[in-house]
Amino acid sequence: MSCLGCETRSWAVNISAGGICVEADEQFPEGSRVEVETQLTLEESVHHLKAEGRVVHTFGHGMGIQFVNLSPRSAVFIGRLVNFFLYSHRR
C-alpha cells in the first residue's frame, strides 16, 4: 500500500466491494489517498487488485480504506470471494 510515494506493508483483515480493512506497519492519516495493490485468490482463480482508495478510519495498527475507483472486474471478483466465504461456512 502506498500514499504519496510512501509505502507500508499491510495485511487484509476484511474486504468488500466498498473497501478494505488492513493492519499495517504504518498508518496514513484519515483522508489520505492511497493506492491498494494485492493479489486475491479464490480456489483456482487469482486476481491482481490495484485500486485507489481513501483512508476513512484508523484504529490500533489498522486502517479502513474506501475504494475510490474499483474496476468492475475487481468488484465482481471481490463479490465472488465474499459470497464464497459467507456460504462455505454454512455447510
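Which residue pairs have Cβ atoms under 9 Å apart, sit 6 or more places apart or on different chains, and have a first residue in segment 26-43 that is of a type in the set (Lys, Arg) and a second that is modelled with pLDDT under 90 and in a loop (DSSP other than H, G, I, E, B)?
What qualifies is Arg33/Leu4.
Do you know which residues across segment 23-51 are over 17 Å from Leu81 (Cα atoms) and among the acidic types (Asp, Glu)?
If the condition is that a residue be over 17 Å from Leu81 (Cα atoms) and among the acidic types (Asp, Glu), then Glu23, Asp25, Glu26, Glu30, Glu35 are the ones that fit.
Of the residues Leu81, Leu49, only one is surrounded by 12 or more Cβ atoms within 10 Å (Cβ to Cβ) and touching a helix residue (DSSP H, G or I) at 6+ places or on another chain (Cβ under 7 Å); which?
Working: Leu81 fails: touching a helix residue (DSSP H, G or I) at 6+ places or on another chain (Cβ under 7 Å).
One residue alone meets the criteria, Leu49.
Which ones in segment 1-44 are modelled with pLDDT under 90, part of a loop (DSSP other than H, G, I, E, B) and within 10 Å of the chain's Cα centre (by Cα)?
Met1, Ala17
Any chance you could count how many residues in segment 53-91 are in a helix (DSSP H, G or I) and within 17 Å of Leu40 (Cβ to Cβ)?
Residues of segment 53-91 that are in a helix (DSSP H, G or I), as a first pass: 72-88.
Those still in the list that are within 17 Å of Leu40 (Cβ to Cβ) too: 72-86, 88.
Of the residues in that region, 16 qualify.
The values are calculated or read from the model by the stated rules, or taken from the named source; none is laboratory data. Source: prediction; values computed, not measured. Cβ: placed from backbone, ideal geometry, glycine included. Neighbour counts: every protein chain shown.
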